[in-house]
Amino acid sequence: MAEQRVQQYGLRIRRLRLVRKMSQAQLGKMTGLDQGFISRVENGIFECTSTQLAAIATALGATVSEILADAVKEPGSSYGAVAGSDPRAAILSDHGAAPGLQQLVNDTTLVEVLKVTPEEWRALRSLQPPAPLSRDGYVQILFALRAATRTNGISDT
C-alpha cells in the first residue's frame, strides 16, 4: 500500500509540473534535486523526505497537503468516533482548538493518507506556537515530529 501512495503523489507532482510547463531538469534546479531523482519520484520509485517534498511543493506553487491529498486512501486506517479515546474527536469538540489543526482534522482524505496516530494527534494538539499555524503548518510539524522520533533511520509510518 505504501508503494501505491508514493505512486499517487508522484503522479500528482508530475501533473503539477506539466501544468506549469516545467521540465524535470527545471524542477530539479529549483529544488536542488537531481533530474533523475525527480523522475524516480514521479514514477513512484523513490519516496521523498519531508524536506524534499516541501521543496518540490514550493517550486510547483503548491502545498505539501495538495500533493499528498491526491494520494489514495488506505483501507482500515480510520479512527473510532468516541471523544474520550479519539484525539481527533477531542480536537473537533474543543472550541478553543487552533483553526489550522481543526482544518487538518476535517481534511479526512489527507488524514487518511498521512495515517496520523493518536499519539501524533495529542502532540499536535499540545503545541502552543507563537503565531497561528495553518493546516499545512501542522502537516510540516507532523513531518518534523516523525523525523525527530525516527529510530535507527526506520520510520514507523
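The values are calculated or read from the model by the stated rules, or taken from the named source; none is laboratory data. Computed from a prediction, not measured in an experiment: that's the story for all the values here. Neighbour counts run over all protein chains shown; Cβ positions are idealised from the backbone, glycine included. These area figures cover heavy atoms from the full protein model, side chains too; ligands, DNA and RNA do not enter into them. Shrake-Rupley method; radii C 1.70, N 1.55, O 1.52, S 1.80 Å.
Taking a ≥ b ≥ c as the square roots of the Cα gyration tensor eigenvalues, with a/c under 1.5 meaning rounded and otherwise prolate when a/b beats b/c, else oblate, which class fits region 16-62?
rounded
Given a Förster distance of 35 Å, report the FRET efficiency between A144 and T108 from their Cβ-Cβ distance, rounded to the nearest 0.05.
Efficiency at R0 = 35 Å is approximately 0.95.
Between E66 and A97, what is 0.36 nm times their sequence separation minus the Cα-Cα distance? Round to one decimal in nm.
Additional length available on full extension: 8.9 nm.
Going by accessible area, probe 1.4 Å, with all protein chains left in place, what is the ranking of V19, V116, largest first?
V19, V116
Ordered by residue, what ³J(HN,Hα) values in Hz, to whole numbers, does region 59-65 give under the Karplus form 6.51 cos²θ - 1.76 cosθ + 1.60, where θ = phi - 60° and Gly and Pro are x?
3J(HN,Hα) across region 59-65, in whole Hz: 5, 8, x, 10, 10, 4, 4.
Mind listing the phi-derived Karplus ³J(HN,Hα) values for region 99-115, rounded to whole Hz, using 6.51, -1.76 and 1.60 with θ = phi - 60°, and x for any glycine or proline?
x, x, 5, 5, 4, 5, 4, 6, 7, 4, 5, 5, 4, 5, 5, 6, 6
For labels at D34 and L18 in the simple 7 Å Cα→Cβ model, what's the distance in nm?
So the two model labels end up 2.5 nm from each other.
Please report the net charge: other residues with Cβ closer than 15 Å to the Cβ of A90, K and R +1, D and E -1.
Surrounding charge for A90 is -1.
To the nearest 10 Å², what's D34's accessible area with a 1.4 Å probe?
100
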